[in-house]
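Since the structure comes first, as structure tokens, the remarks are kept for the end.
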Amino acid sequence: MTKSLLTLSLILSTVAVSTSATAAEHIAVSGSTSVTDVMEVLGETYHKSHPDVFIDINGTGSSAGIKSSIEGVNDLGMASRNLSVEEKKAGLIETEIARDGIAVVVNPKNPINNLTKAQIEKLFKGEITQWSAVGGNSDPVVVTTRENGSGTRGAFEELMELTTKINGVKVSTISQKAQVASGNGIEKTVVANNKDAIGFVSLGSIDDTLKAVNVDGHKASVEDVVNKTYPLSRPFLVLNQPGKLKPAAKEFLAWIMSPEGQKIIKDKGYISMS
């Protein structure tokens, strides 16, 4: 090979490598750990048909995800609660990709199958301390909750009216003695391993290690969330700044809302928007 042809070959190889290196797209997604569960499946499935697109997902909690979207740190934020009045002032675009119920859960060995909203409120406030007060055994109630900033906790507190205002500041009324779990998975593990525990998790994450109790006689099921008889439900939101969504992220979000993406959401036990 002549020197000129070798030089041309090296140039073309360099261009090819450079083009290949810059072709990959990374989409930063962060926020709700509840949404993370289904978002990881969506991201993995999308990557299989779009191998140059990498979905980088980080479960940081709803409040952190909203904040990152407002500050432009992520491409897409995830929230499992409605935005507050103050958060809405940032003008983020909200896309509801799914709907979820919040299940009140106990250990499968617990004989309790139904609780009223009033009983649940008193249990989480620590006003009911023995299971016998709600038809169970004489064991003490072990309350578990999620960390501050959790979208699941925020939605649960809002739906169950487990907040109050002190000097104009909204604070939680969940018992200070409650065990705090930093993540939906940890909350599940705590309840699954303690026969006296009560907690709350995303409906889509229920499995045979937990028992979801009926609330006011209504089952924690997709059907009862859809027909609006089950009282504890919330949105799964994807957030972005208006006019700043890069093409790859826009296409991924559109795919999530497509029949293929919505089928994955439904298959994971959540309520699809189609």
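The values are calculated or read from the model by the stated rules, or taken from the named source; none is laboratory data. The structure presented is a predicted model; accordingly, all values stated were derived computationally and were not measured. Please note: Cβ atoms are built from the backbone with ideal geometry, for glycine as well, and neighbour counts cover all protein chains shown. The protein model used for the area step is the full one, side chains on, heavy atoms only, and it has no ligands, DNA or RNA in it. Shrake-Rupley method; radii C 1.70, N 1.55, O 1.52, S 1.80 Å.
Summary of computed values
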{"item": "Environment charge of V141, counting only residues whose C-beta is closer than 12 Å and scoring Lys/Arg +1, Asp/Glu -1", "result": "+1"}
{"item": "For region 36-132: rounded, prolate or oblate by the Cα gyration tensor [a/c cutoff 1.5]", "result": "oblate"}
{"item": "Environment charge of S274, counting only residues whose C-beta is closer than 11 Å and scoring Lys/Arg +1, Asp/Glu -1", "result": "+1"}
{"item": "Within-11-Å neighbourhood charge of E121 [Cβ basis; K, R +1; D, E -1]", "result": "0"}
{"item": "Cα shape, region 25-75, gyration tensor, a/c 1.5 rule", "result": "oblate"}
{"item": "Cα centroid of region 46-62 to Cα centroid of region 136-183, whole Å", "result": "31"}
{"item": "Portion, in percent, of the accessible area of the chain that falls on carbon or sulfur, probe 1.4 Å", "result": "54"}
{"item": "Cβ-based charge dipole, the chain, positive-most Cα from V73, M39, L253", "result": "V73"}
{"item": "Efficiency of FRET between A28 and D208 - r from beta-carbon atoms, R0 35 angstrom, step 0.05", "result": "0.50"}
{"item": "Unsatisfied cross-links (Cα-Cα over 29 Å) in the set K165/K219; K88/K165; K188/K266", "result": "K165/K219"}
{"item": "Label-point separation, V85 to E147 (7 Å along Cα→Cβ), nm", "result": "2.9"}
{"item": "Accessible surface, per residue, of the chain when the full set of protein chains is kept, probe 1.4 Å, Å²", "result": "50"}
{"item": "Residue-wise HN-Hα coupling along region 213-227, computed from phi with Karplus coefficients 6.51, -1.76, 1.60 (Hz; x: Gly, Pro)", "result": "7, 5, 10, 6, x, 9, 6, 7, 9, 4, 4, 6, 6, 4, 7"}
